[in-house]
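Chemist: Okay, handing you the structure first.
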Ligand code: UGA
């Protein structure tokens, strides 16, 4: 099939590359010229494991093409995927201006029937609104021939990819959710992903839109729940890792997303939980649980900082080695990263911070500038420091030579915000080791 992807962020680019790899002909469009130039050379604009490999492979086989002009490619294809951002507004609700702007362009440019697939995370009712924008086209062009030719079907197909594992998730997703008012269009969209063995959920557009928000909000709720349990563990001398293990063995609970720490970050959970609260409020329903989920997540970073202050005392002129800047491992993304918040807090308190992250340094420099030092290895970051803070769950931190690190530090204090290291081992290595709920 021939597909246009509009927007080459995480969702758009991974979807485009994935669909090309499945054998479709894909044109990816973005308004940012430098990004398109980069992509045409087979270079990914962000770090995502295996993305560049598949990018290069599919460009070479001419199944994947890039353009800055929607007009140039739109009428070569039958499926149009809207994958533009829906950033949060000041009140938490999703900004849909990019989605609607794309719908307006499609309305003006398409000259034959299209299936328009909305992959962006959008509030309930957005797909219907996109359809009403597209319908104006038909009304604007009054000939019978045009009306018969240009028909748009708008299908909701929300995305469930995780950053850092997005390519893997594309080919191994648990489910494919397709929301449509038209059975034939729903089947056509599901068939595009036919080679991926995912459970198909064919439903209404409103339900599909809500499945996306409900899924992210539920996962965020699991994290805030286990973080509250961790805080309680600290008070009653229980171990949250073992509590989570014991809970997770119950298949009804499952062990995933029960890792306690300094709270969730990224471009999705913080934004989507707030947006779902707005959607509820806007529909006259007060979703009380989500308010607590958001509050707990914000509090978690503060509690961790309090722990650090309690142990180190006045932070002025204290030297801190910060391990991790990304919002999680395997990504260079720092959006809503707890590590960045901690760095800002430490700087404000007068501490001298040296940070290391395998992928996110460049992005972190853009927001932190020269307020902290950036180095190229974990060993450099810990030289002569009063304490180490682990703020991202990079697996490489587990494998560090911690006895060697102890020798490099001024004093052997570790604050592990991601519960990455083994407390017993750290005790044996004679570290003063503090983590979350253990
Ligand atoms: C999340 C969802 O997991 C995806 O299914 C969804 O498609 C995506 O949002 C999206 O809406 O686009 P992502 O934000 O990439 O994916 O990352 P996650 O792996 O879900 O992690 C989010 C945050 O939660 C990270 O800061 C991570 O450190 C934290 N986390 C995760 C925990 O604190 N504990 C856990 O047990 C798991």
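The values are calculated or read from the model by the stated rules, or taken from the named source; none is laboratory data. Given the structure is predicted, the values throughout are model-derived calculations rather than measurements. All Cβ positions, glycine included, derive from the backbone under ideal geometry; neighbour counts span all protein chains shown.
Chemist: Please count how many residues of segment 334-357 are closer than 18 Å to residue 383 by Cα and within 16 Å of the ligand (Cβ to nearest atom).
Modeler: 2
Chemist: Name the single residue that is modelled with the lowest pLDDT among those in segment 129-147 being surrounded by 14 or more Cβ atoms within 10 Å (Cβ to Cβ) and within 15 Å of residue 101 (Cα to Cα).
Modeler: 137
Chemist: Another question, then. Residue check, residue 54 against (1) surrounded by fewer than 16 Cβ atoms within 10 Å (Cβ to Cβ); (2) assigned to a helix (DSSP H, G or I), all met but one. Which one?
Modeler: So the condition that residue 54 fails would be (1).
Chemist: Further question on the same structure: Out of 116, 84, report the one residue that is surrounded by 14 or more Cβ atoms within 10 Å (Cβ to Cβ), touching a helix residue (DSSP H, G or I) at 6+ places or on another chain (Cβ under 9 Å), in a loop (DSSP other than H, G, I, E, B) and at pLDDT 95 or above.
Modeler: 84
Chemist: Just give me the residues in segment 256-270 being more than 6 Å from the ligand (Cβ to nearest atom) and surrounded by 13 or more Cβ atoms within 10 Å (Cβ to Cβ), in sequence order.
Modeler: Once the filter is applied, which keeps residues that are more than 6 Å from the ligand (Cβ to nearest atom) and surrounded by 13 or more Cβ atoms within 10 Å (Cβ to Cβ), segment 256-270 yields 260, 262, 263, 267, 270.
Chemist: Regarding segment 61-69, can at least one residue be identified that is within 16 Å of the ligand (Cβ to nearest atom), under 23 Å from residue 169 (Cβ atoms) and either in the same structural domain as residue 96 (by TED's automatic domain parsing) or assigned to a helix (DSSP H, G or I) (or both)?
Modeler: There is no residue in segment 61-69 that is within 16 Å of the ligand (Cβ to nearest atom), under 23 Å from residue 169 (Cβ atoms) and either in the same structural domain as residue 96 (by TED's automatic domain parsing) or assigned to a helix (DSSP H, G or I) (or both).
Chemist: A further question follows. Scan segment 411-420 residue by residue and report those that are within 16 Å of the ligand (Cβ to nearest atom) and out of contact with any helix residue (DSSP H, G or I) (no Cβ under 7 Å at 6 or more places or on another chain).
Modeler: 416, 418
Chemist: Given the conditions (1) surrounded by 24 or more Cβ atoms within 10 Å (Cβ to Cβ); (2) farther than 22 Å from residue 303 by Cα, and given that residue 417 satisfies all but one, which numbered condition is not satisfied?
Modeler: Looking at each condition in turn, residue 417 falls short on (2).
Chemist: Exactly one of these conditions fails for residue 295: (1) within 12 Å of the ligand (Cβ to nearest atom); (2) closer than 13 Å to residue 225 by Cβ. Give me its number.
Modeler: Of (1) within 12 Å of the ligand (Cβ to nearest atom); (2) closer than 13 Å to residue 225 by Cβ, only one is false for residue 295: (1).
Chemist: Regarding segment 194-205, can at least one residue be identified that is crowded, with 17+ Cβ neighbours inside 10 Å, in a helix (DSSP H, G or I) and out of contact with any strand residue (DSSP E or B) (no Cβ under 9 Å at 6 or more places or on another chain)?
Modeler: no
Chemist: Which of the residues belonging to segment 354-365 are surrounded by 24 or more Cβ atoms within 10 Å (Cβ to Cβ) and farther than 17 Å from residue 328 by Cα?
Modeler: The answer is none; no residue qualifies.
Chemist: If a residue must be on the phi > 0 side of the Ramachandran plot and without any contact (Cβ under 8 Å) to a residue 40 or more places away in the chain, how many such residues does segment 348-401 contain?
Modeler: Result for segment 348-401: 2.
Chemist: Report, by residue number, each residue of segment 93-113 that is under 20 Å from residue 211 (Cβ atoms), touching a residue at least 40 places away in the same chain (Cβ under 8 Å) and part of a loop (DSSP other than H, G, I, E, B).
Modeler: Selection gives 93 alone.
Chemist: Another one. Just checking, which of 178, 155 is crowded, with 21+ Cβ neighbours inside 10 Å, at pLDDT 95 or above, farther than 28 Å from residue 253 by Cα and more than 11 Å from the ligand (Cβ to nearest atom)?
Modeler: Criteria check complete, one pass: 155.
Chemist: Continuing with the same structure: Please work out if residue 368 is more than 16 Å from the ligand (Cβ to nearest atom), farther than 24 Å from residue 296 by Cα and crowded, with 19+ Cβ neighbours inside 10 Å.
Modeler: Yes: the conditions hold for residue 368.
Chemist: Can you confirm whether segment 237-244 contains a residue that is away from the ligand (no atom under 16 Å from the Cβ), assigned to a helix (DSSP H, G or I) and surrounded by fewer than 19 Cβ atoms within 10 Å (Cβ to Cβ)?
Modeler: Within segment 237-244, not a single residue is away from the ligand (no atom under 16 Å from the Cβ), assigned to a helix (DSSP H, G or I) and surrounded by fewer than 19 Cβ atoms within 10 Å (Cβ to Cβ).
Chemist: If I ask for residues that are under 12 Å from residue 406 (Cα atoms) and surrounded by fewer than 20 Cβ atoms within 10 Å (Cβ to Cβ), which ones from segment 371-396 would you list?
Modeler: 379, 383, 384, 386, listed by residue number.
Chemist: Between 253, 229, 223, which is more than 10 Å from the ligand (Cβ to nearest atom), surrounded by fewer than 23 Cβ atoms within 10 Å (Cβ to Cβ), in contact (Cβ under 8 Å) with a residue 12 or more places away in the chain and outside the structural domain of residue 177 (by TED's automatic domain parsing)?
Modeler: The conditions single out 229.
Chemist: Being away from the ligand (no atom under 15 Å from the Cβ), over 17 Å from residue 80 (Cα atoms) and surrounded by fewer than 18 Cβ atoms within 10 Å (Cβ to Cβ) is the filter here; which residues of segment 1-49 pass it?
Modeler: 32, 33, 34, 37, 38, 40, 41, 42, 43, 45
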